[in-house]
Amino acid sequence: MKTIASQVSEYVKSKPYLSTALSQGIINLTSLARQIQPEIERSLRKPARSGAIVMALKRISDNEEFLSTHKIINVLRKLGDITVRSSLTDYCFRLSESLLLSQAKFLNEIQDKKDIFYTSSRGVGESNIVVSSNLAPLIEEVFKNEICIDKIENLSAITVKLPTDNVKIPGIYYFIFQRLSWEGVNINEVISTSNEFTILMDEDSVNVAFEVIKNLKLL
């Protein structure tokens, strides 16, 4: 059943900047209640007292979830360098007894090459290798005896340096990926370390994704 509290909560959750302002206590709740009252009443399909809306907003502003959002934003404001790379190819190989040997041979081949991109991740049954597209012929030669499950070309990557306290605050990745999703950015793959993460996407989406991540510093 729809209640004033539930509808106010849904309204605030749909406005990330509003939830942040509430968590910081910088909004006049009475004024806000009057402003959103018509929309709350439309959702409820009946009148809603302004005082009840104020109480619902007060409970939300004290809620741990919104306080947590405030902590996340404080971390995001301290994001480090954002690096963009284009012309990448993502290979997915089935795990085998020889796959690590093939990777070692590949690494030996590229150890003296500069201005290239290489990263890999290993799952339970498969391993992904992402490289600069000009290394594709070398990959296909070195891994010719491995089973390639998938190959995706024309990708771009954005690498973001996170502040070291990111591991202590839950929800940071969710917060970032939620905003990328809102802007229609489809993420092909995510690769992360303790204080960095890299996302891969179609080259057509990289400009939008860069703006989204850059603007997180301004929240």
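Read-outs: derived from the displayed coordinates by stated rules, not from any lab. Source: prediction; values computed, not measured. Note that we place each Cβ from the backbone using ideal geometry, even for glycine, and neighbour counts take in every protein chain shown.
Observations, loosely collected:
- Relative contact order, whole percent, for the chain stands at 22, derived from Cα pairs under 8 Å and 6 or more residues apart.
- Across segment 176-219, Cα pairs under 8 Å and at least six residues apart give a relative contact order of 36 percent.
- Summarising the overall dimensions of segment 130-219 from its C-alpha atoms, the Rg and Dmax are 15.5, 49 angstrom.
- Helical contribution to [θ] at 222 nm, DSSP H n ≥ 4, -39,500 (n - 2.57), averaged over the chain, rounded to 500: -14000 deg cm²/dmol
- Charge dipole (debye, nearest 20) of segment 94-219; +1 at Cβ of Lys and Arg, -1 at Cβ of Asp and Glu: 460 debye
- With the simple spin-label model, which puts each label point 7 Å out from Cα in the Cβ direction, the Leu138 to Gln35 separation comes to 5.6 nm.
- Integer Hz, Karplus 6.51/-1.76/1.60 couplings in order for segment 146-157, x for Gly and Pro: 9, 8, 8, 7, 7, 9, 10, 9, 6, 9, 10, 10
- Pairs exceeding 23 Å between alpha-carbon atoms, taken from Lys151/Lys217; Lys58/Lys78; Lys114/Lys217; Lys71/Lys214: Lys151/Lys217; Lys58/Lys78; Lys114/Lys217.
- Difference of contour (0.36 nm per residue) and Cα-Cα distance, Asp115 to Lys58: 15.2 nm
- For Glu196, distant residues with modelled amide H under 5 Å away: Leu162
- Spin-label pair Val167/Asn215, simplified geometry with 7 Å Cα→Cβ offset, distance in nm: 3.2 nm
- Value of Rg/Rh across segment 1-139 [Cα atoms, Kirkwood radius]: 1.32
- FRET efficiency for Arg42 and Lys78, using Cβ-Cβ distance with R0 set to 35 Å, rounded to 0.05: 0.30
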